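Only the coordinates and a few stated rules stand behind these numbers; no lab work does. Remember, it's a predicted structure, so these values are computed and weren't measured experimentally. So basically every Cβ, Gly included, is an ideal-geometry build from the backbone, and we count neighbours across all protein chains shown.
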Amino acid sequence: MATENAYAELGLAPGASEAEVKVAWRRLASHWHPDRNQSAAASERMQRINEALEQIRRAGFASRVVGGSTDTPDDEQARSAPDAPDEARKKAADTASDSAAGSETRTLSRKVKLTLEEAAVGCVKSLRGKLADRCTACVSRGWRALDHACKDCRGSGERQRGWYGWLGTRVECEPCGGSGVARATCTSCKGSGRLPAHEYRVNARIPHGVRHGDLLHVAARGQRNGQTAVQLDLRVDLMPHPLFDLDADGTVRCEVPVDGFAWIANRAIEVPTLSGMQPLQLRREQITYRLSGQGFPRERRGPRGDHVVVLQPSFAQELSTEQNILLDQLVASTSAPGAKPASPRLSEWRQSLRDWERLRSRRSA
C-alpha cells in the first residue's frame, strides 16, 4: 500500500500530523474492530486500517509525546478495543491474502455448455468475456481524501440526528465516512472503484468424462491485454442429447427403429454412437445389442462404458399389392404339403392338430 493511499484509507490528507493519524485510527478501529462490528466486511476493513497505520509508520511516523501521553496507537488499541479472537485475526489475514492474490490473478465463475460427444472425448473451448480491474488510484474506494475538513460535519466525523425538532443521537457523517476529512470522487474510475471493463479470452481444455455439474479450474494461457491474468471456475452444463440416454455407470442407451423385414432378413444396418455411425449385423432372434467400449467414460479421464442399442422393429400398417403378393408366396412356401416349416414349434403345432383331428374323427364314427 502506497503512503498516499494509506493516508486516504484513514480518511486523512497526505502529511497529516501524528495526532491526526492517532485520532483517525482510533475512531476507525473503534467502529470496525471485529469484536464490535459483526458485518462481513469488518475484518477486511480492520486489516486495511492496520496496514495503513503500519505504512505511515514505515514512511517516517515516530511516536511522540502528545498531550502528556506517550501512548502509541498500538497501546491505545489495547486500551480502547478488546483483543480480536484468533478466528477474527485469521479471517482478516486470509482476506488480506486473498486481496493480494486478487491483485495479480482474478478468478471468475462461469458455466460451460457441452454436448455429450464433447464431454465423452474431451475438447478445447474458447471462452470470452469482460472483466473490470480494481482502480489503483483510489484503492477501489471510488473517492480520494482532500486537504480540508468535511463541511457537513465540520471535521468531527459525526452529525446530530433529530426528530421533529428534538435532538437525537449522533451518527457517522456519510459524506466523509466518519473520517472528518472532505472527499472527492475519484476521476480515474468516476466513483465506481473499478476501471472500464476489458475483454479476456481463455482456451479451456476440458478432460474427457466430465459430468453435469462438475467444477473445473482453468488458468488462462496468457494475460488479458497486459492486465490481470484470468482464471476460471467452470461449472459443466451437459446438454440433453436428442438420441442418447446416459446411465451413471457410463452406459449409453439408444432406441433404434428398424424396418421389420430387414430385421427378419438378418440384414446389416448402421446405428449412431458417440463416435459416429457404426455397422450392426441384425439377428431376427435378438432385439438388444451391446457395443463394448463405445459408451461414455465411467469416470473422469477413465475408460469408456458400453453402448446399448435396443431395436424397435417396425412394419407398415398397410401393404402394397406387390408386398401382399410377395407375402402370399412366402406363406405358401412354408404352408404347402411337404414344405419345410418356419420353425420346430410350428411343426409341432401342426402335428398336434393332425393328431387331434384323427382322434375326433374316430370318436364321431
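A compact table of results
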| item | result |
| --- | --- |
| Net lengthening on full extension, Tyr289/Ala316 (0.36 nm per residue, minus Cα-Cα) | 7.3 nm |
| Shape parameters for segment 245-314, alpha-carbon atoms, Rg then Dmax in Å | 12.8, 42 |
| Neighbour cut-off at most 11 other Cβ (10 Å), DSSP loop, GluC sites (Glu not before Pro), segment 246-290 | Glu285 |
| Calculated over segment 321-364: convex hull of Cα atoms, volume per residue (Å³) | 82 |
| Residues of segment 171-196 with amide N under 13 Å of a point placed 7 Å along Cα→Cβ from Lys151 | 182-184 |
| Convex hull volume per residue for segment 288-365, taking Cα atoms only, in Å³ | 212 |
| Kirkwood Rh (inverse of mean 1/r, distinct Cα pairs), segment 235-274, angstrom | 12.6 |
